[in-house]
1. Taking residue 172 as the anchor, which lysines have their alpha carbon closer than 20 Å to its alpha carbon, excluding any fewer than eight residues away along the same chain?
2. Just in the stretch 154-208: which GluC sites (Glu not before Pro) are loop by DSSP and have at most 14 other Cβ atoms within 10 Å?
3. Estimate the FRET efficiency between residue 136 and residue 51 by the formula 1/(1 + (r/R0)^6), using the beta-carbon distance for r and 25 Å for R0, to the nearest 0.05.
4. If you place +1 on the Cβ of every Lys and Arg and -1 on the Cβ of every Asp and Glu, how big does the dipole about the Cα centre of the stretch 61-114 come out, in debye to the nearest 20?
5. Give me a comma-separated list of calculated 3J(HN,Hα) values for the stretch 44-61, in order, Karplus coefficients 6.51, -1.76, 1.60 applied at θ = phi - 60°, integers in Hz, x for any Gly or Pro.
6. If you average the alpha carbon positions of the stretch 1-33 and of the stretch 57-124, how far apart do those two centres end up, in angstrom?
7. Rolling a 1.4 angstrom probe over the protein heavy atoms, how many square angstrom per residue are accessible across the stretch 60-212?
8. Would you please give the residues with an amide H less than 5 Å from that of residue 94, counting only those at least 5 places away or on a separate chain, with H modeled from the backbone geometry?
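The values are calculated or read from the model by the stated rules, or taken from the named source; none is laboratory data. Being a predicted model, the structure only gives us computed values, none of them experimental. We place every Cβ from the backbone using ideal geometry, glycine too, and count neighbours over all the protein chains shown. Calculation scope for accessible area: heavy atoms of the full protein, side chains included, ligands and nucleic acids excluded. Shrake-Rupley method; radii C 1.70, N 1.55, O 1.52, S 1.80 Å.
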Amino acid sequence: MDRLKREGLGMTSQRTRNRLIQRLREEGISNEAVLDVMASTPRHLFLDEALAIRAYEDTSLPIGYGQTISQPYIVARMTELLLSRAKSLHRVLEVGTGSGYQAAILARLVDRLYSVERIGPLLEKARQRFRELGLYNVETSISSGGFGWPEKGPYDAILAAAAPASVPSDLKEQLGPDGVLVIPVGNERQFLTIITRRGDSQQFDVERLEPVHFVPLLGGVVR
Ligand code: SAH
């Protein structure tokens, strides 16, 4: 890819990106690995050109098909939670590839990332971005219509970027021993939730954290 496009200018320059990182620190993000990866991942490449100048504002933005790229703070927060809770990070699943931004962050922090998306055209664009950025440890798939990607599991950790009304048992079942699921849960009021499998048992611990706003987790596939 064009070096200038990747490095950005003005509103997409490294200086603008560093201001966002400073803001994330002020908001309580403290994992240096997460902050480093976010500082060096060009979020503007995950947006349409008209919105690229807003890429380093701490806000979610439209990516088409009624979906949004997640707010940088929530990407950082969920990634930090996943890193601090998971016992290993060999195989990690993301549900809801969207623009591919959250996946690009995770891919640089885990061994192998699997990511599923139910909207075909969004997934196509995200795949192209992974290629352009040389992220070769990401494997993607169009959703099967169910939840997650059981064929590639079990996973050490799962991050869901869309909110179900209640935690789908399919996702819990795809967790390996001590596996951790970070997921927004709820209809009108959603809460960031952490589900942890107890060893290799069928028991799960549930922790409800702060309120959040995500697009809904939906069944079915859009081609
Ligand atoms: N991680 C994305 C966030 C995109 S918004 C990013 O950083 O840009 C959430 C995405 O989840 C949307 O693209 C939506 O289409 C997708 N989604 C919703 N339900 C899904 C399901 N059951 N399986 C896979 N993807 C789903």
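1. List returned: 87, 152.
2. The qualifying sites are 188.
3. 0.40
4. Using only the charged Cβ atoms, the result is roughly 180 debye.
5. Here the 3J(HN,Hα) series is 5, 6, 9, 10, 5, 3, 4, 9, 4, 5, 9, 4, 9, 7, 8, 8, 7, 9 Hz.
6. Cα centroid to Cα centroid, the span is 17 Å.
7. 41
8. 114, 115, 116, 159
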